[in-house]
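Encoded as structure tokens, the structure appears first; notes follow it.
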Amino acid sequence: MGRERITLITEAEATKVNYRKQIESGEMNPEEYNALSKEEQLIVTDVLFEMSSEKISPNQGTSALEFILFAFIRITNKKISGISLSPEDIEIEEQLKRITMNHQITSDNVSKNEWLFDYLSYAEYKSAQFLENRKEHIARKISAIGEV
């Protein structure tokens, strides 16, 4: 009687694990990457993104964005309404200015051609994926329950 081999992870996950090992060991380099198919290159890119994301908690990032957004709303609403900013509001506005100078997109000191990454092309690509996912979700929901 032959033995059965049981695998606990999918082939796709095993491929990702293999690429991660190659990245960490330095085996993955531009020549190796360029020799891969487009699909494999996408997997390597996803692995790299996952590796960078491990150091950043999505919840912390979301909280930081929430705080920045609501501080901005607070200051903007007062300015739009013609209400004078209090000393506390001015302090908040100064903090927001410092935060915006930290990011390449909003910094006056960094031109677009010096950005480390093409942030807006990435955002455009991801927004198209989000919208496609939303269309699929709506179709699935209508198919399952008859309404949105």
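The values are calculated or read from the model by the stated rules, or taken from the named source; none is laboratory data. If you're wondering where the values come from, they're calculated on a predicted model, not measured in any experiment. Glycine also receives a Cβ, built like all others from the backbone with ideal geometry; neighbour counts cover every protein chain displayed. For accessibility, only protein heavy atoms count, side chains too; no ligands or nucleic acids. Shrake-Rupley method; radii C 1.70, N 1.55, O 1.52, S 1.80 Å.
Observations, loosely collected:
- Among the residues making up segment 118-148, a single one is outside any helix (DSSP H, G or I) and within 30 Å of Gln104 (Cα to Cα): Asp118.
- Residue identified as surrounded by fewer than 11 Cβ atoms within 10 Å (Cβ to Cβ) and within 19 Å of the chain's Cα centre (by Cα) among Asn113, Asn102, Asn109, Asn77: Asn102
- Of the residues making up segment 81-99, those that are under 29 Å from the mean Cα position of the chain (by Cα) and open to solvent by less than 50 Å² (accessible area, probe 1.4 Å) are Ile92, Glu93, Leu96.
- Among the numbered conditions (1) surrounded by 11 or more Cβ atoms within 10 Å (Cβ to Cβ); (2) over 21 Å from the mean Cα position of the chain (by Cα); (3) polar (S, T, N, Q), the only one that Ser63 does not meet is (2).
- Residues in segment 19-78 that are part of a helix (DSSP H, G or I), touching a residue at least 12 places away in the same chain (Cβ under 8 Å) and among the aliphatic types (A, V, I, L, M): 9 in all.
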